[in-house]
1. Go through the stretch 27-60 residue by residue and tally those that are in a helix (DSSP H, G or I) and modelled with pLDDT of 90 or more.
2. Sort through V13, V66 and tell me the only one that's in a strand (DSSP E or B) and either surrounded by 11 or more Cβ atoms within 10 Å (Cβ to Cβ) or among the charged types (D, E, K, R) (or both).
3. Taking the stretch 1-15, which residues are of a type in the set (A, V, I, L, M) and touching a residue at least 24 places away in the same chain (Cβ under 8 Å)?
4. So, in the stretch 87-115, how many residues would count as being outside any helix (DSSP H, G or I), more than 15 Å from S49 (Cβ to Cβ) and in contact with a helix residue (DSSP H, G or I) (Cβ under 6 Å, 6 or more places away or on another chain)?
5. Does any residue of the stretch 72-85 turn out to be in a loop (DSSP other than H, G, I, E, B), out of contact with any Asp or Glu (no Cβ under 6 Å at 6 or more places or on another chain) and touching a residue at least 12 places away in the same chain (Cβ under 8 Å)?
Amino acid sequence: MSNISIETLSSPVAEADCQAISRLIPQVVPGFAGDLAVNLANVVQSPCSRLLVARSGQALVVGLAVLNFLPKTIGIEARLNDLVVDESHREQGYGNALVEMAVLEARKAGAYKLELTCRTGLVAVNALSSAKFGDSLAVNRYTLYIE
């Protein structure tokens with residue numbers, strides 16, 4: 001885990017990072033055909049979003065997660081979306097490091113909870129989520145209440 005670095009990308013997203021992310025997205029959303037550059041720009045420019053990336057020892061983006069904040073009357077909710085680690089880097093701590101950074105960012109933003117929902121077929125994400133967030137509901141929604 002010592003070669004793992006997690007960072008929050010800002011605007012503009014570097015072309016090399018955009019290309020690396022374009023290889024990750026089909027692993028979480030098969031058949032994705034949207035405009036990734038526009039979507040990434042929207043995420044990094046939003047005050048309610050953070051684009052977290054995991055880099056390997058060679059500085060390559062090998063994982064990502066989008067952290068979104070939803071202000072509500074009872075406080076700020078945080079939601080972790082698009083959590084993915086490249087197949088060749090799974091089970092090496094990258095997903096765990098992304099989740100840990102999301103928890104820190106959510107806590108820093110004053111969120112009272114962090115949610116993650118994922119498709120049932122995403123075995124690795126569900127295993128990590130269950131370990132970090134506890135038991136899931138029927139829709140595989142994991143909630144971590146932040147203290």
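The values are calculated or read from the model by the stated rules, or taken from the named source; none is laboratory data. Quick caveat, the model's predicted, so the values are computed rather than measured. Cβ sites come from the backbone with ideal geometry, for glycine too, and all protein chains shown count toward neighbours.
1. Total meeting the criteria: 10.
2. Working: V13 fails: in a strand (DSSP E or B).
On inspection, the qualifying residue turns out to be V66.
3. M1, I4, I6, L9, V13, listed by residue number.
4. Qualifying residue count for the region: 1.
5. Looking for residues that are in a loop (DSSP other than H, G, I, E, B), out of contact with any Asp or Glu (no Cβ under 6 Å at 6 or more places or on another chain) and touching a residue at least 12 places away in the same chain (Cβ under 8 Å), one finds at least one in the stretch 72-85, hence yes.
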